[in-house]
Amino acid sequence: MCGSVGGRIEGSGLHNRGICHCTDCRAFARFLGKGEEVLDAQGGTEIVQLAQWRLRFERGEEHLAAVRLSTKGILRWYAACCRTPIGNTLPTRRVSVIGLVHACLDAQRLDEDFGNGVAIVHAGSALGSPKPRSHGMLGASARLIGIIGAALITGRYRRSPLFDDSGAPRVVPRVLTAEELAELKADPGAPA
């Protein structure tokens with residue numbers, strides 16, 4: 001958001017676009033202090049999943065940071081300079097997919113670049129009532145398998161900008177304590 005970190009998505013390929021209402025995505029937005037910018041009215045985070053090798057940083061990689069909500073949690077990447085969320089990955093580059101958080105993407109180009117088909121997941125955790133209806137998981141799951149499989153078959157998973165040549169994350173992630181996580185999840189009605 002501050003402009004210190006910049007990048008682009010290269011090429012084309014399979015992708016998913018969805019809104020996740022899980023409490024972990026809400027906790028991540030709150031950890032960053034970006035609830036207002038990231039979460040929708042029902043606490044959902046819009047995410048675009050694509051192959052990690054398609055992501056290229058053009059500047060500001062020294063500001064790259066990561067957090068895990070627990071010792072076994074996924075890696076949640078962000079720009080430390082302004083605490084802008086970047087995306088979520090598994091802690092291994094072999095499952096070479098990233099869920100880019102919409103806040104790091106050009107909002108005016110989302111439909112043009114990724115279509116307007118948006119899956120809804122973890123709707124049961126959505127805030128308020130009525131809850132949205134989950135949909136689009138079957139197609140999203142098939143595309144996710146395609147993204148991961150293609151990266152493994154071609155070896156492109158090794159080209160992740162988030163993991164070094166040995167396969168380790170480029171930064172040591174901060175792991176939240178159980179108390180910190182409980183505090184971030186304590187008030188599910190507050191977006192910030």
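So the values come out like this:
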{"item": "Pairwise centroid distance, computed over Cα atoms, of the range 130-190 with the range 71-118, Å", "result": "8 Å"}
{"item": "List 135, 15, ordered by accessible area with a 1.4 Å probe, largest first", "result": "135, 15"}
{"item": "Residue 133 versus residue 23: modelled label distance in nm, points set 7 Å from Cα along the beta carbon direction", "result": "2.7 nm"}
{"item": "Radius of gyration, Dmax [the range 36-159; alpha carbons; angstrom]", "result": "15.2, 45"}
{"item": "Cross-link partners of residue 34 among lysines (Cα-Cα below 16 Å; sequence separation of 8 or more within a chain)", "result": "185"}
{"item": "³J(HN,Hα), Karplus 6.51/-1.76/1.60, whole Hz, each residue of the range 156-162, x for Gly, Pro", "result": "5, 4, 5, 9, 5, x, 9"}
{"item": "Per-residue SASA entry for residue 90, accessible area with 1.4 Å probe, Å² rounded to 10", "result": "70 Å²"}
{"item": "Residues in the range 127-157 reached by a label modelled at residue 95 [backbone nitrogen below 12 Å; 7 Å Cα→Cβ]", "result": "145, 148"}
{"item": "Residues with amide H under 5 Å from that of residue 49, placed H, sequence gap 5 or more", "result": "16, 17, 18, 100"}
{"item": "121, 67, ranked by accessible area, largest first (probe 1.4 Å)", "result": "121, 67"}
{"item": "Cβ charges +1 (Lys, Arg) and -1 (Asp, Glu), total dipole of the chain, debye", "result": "580 debye"}
{"item": "Nearest-10 value in Å² for the accessible area of residue 24, using the 1.4 Å probe", "result": "50 Å²"}
{"item": "Kyte-Doolittle at least 0.0, axis length at least 18 Å by Cα - qualifying DSSP helices, the chain", "result": "137-154"}
{"item": "5 angstrom amide H check on residue 4, placed H, neighbours 5+ away", "result": "none"}
{"item": "Carbon/sulfur fraction of accessible area - the range 53-164, other protein chains in place, 1.4 Å, %", "result": "54 percent"}
{"item": "At 1.567 mPa s and 4 °C, Stokes diffusion of the range 10-62 via Kirkwood alpha-carbon radius, µm² per second", "result": "101 µm²/s"}
{"item": "Computed over the chain: relative contact order in percent, which uses C-alpha pairs under 8 Å that are six or more apart", "result": "31 percent"}
{"item": "Top positive-direction residue, dipole computed over the chain with Cβ charges, set 169, 135, 101", "result": "169"}
{"item": "Heavy-atom accessible area per residue - the chain, 1.4 Å, Å²", "result": "50 Å²"}
{"item": "Residue order for 105, 152 - accessible surface, 1.4 angstrom probe, largest first", "result": "152, 105"}
{"item": "Whole-Å semi-axes of the ellipsoid equivalent to the range 95-192 (Cα gyration tensor, √5λ, descending)", "result": "28, 23, 14"}
{"item": "Net charge, residue 12 excluded, C-beta distance under 12 Å - Lys, Arg +1, Asp, Glu -1", "result": "-1"}
{"item": "Residues with amide H under 5 Å from that of residue 39, placed H, sequence gap 5 or more", "result": "none"}
{"item": "Accessible-area value, residue 148, 1.4 Å probe, nucleic acids and ligands omitted, Å²", "result": "40 Å²"}
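The values are calculated or read from the model by the stated rules, or taken from the named source; none is laboratory data. Keep in mind that this is a model prediction, so the values were computed, not measured. Using ideal geometry, Cβ is built from the backbone for each residue, glycine included, and neighbour counts are taken over all protein chains shown. Please note that ligands, DNA and RNA were not included when accessible areas were found on the heavy atoms of the full protein model with its side chains. Shrake-Rupley method; radii C 1.70, N 1.55, O 1.52, S 1.80 Å.
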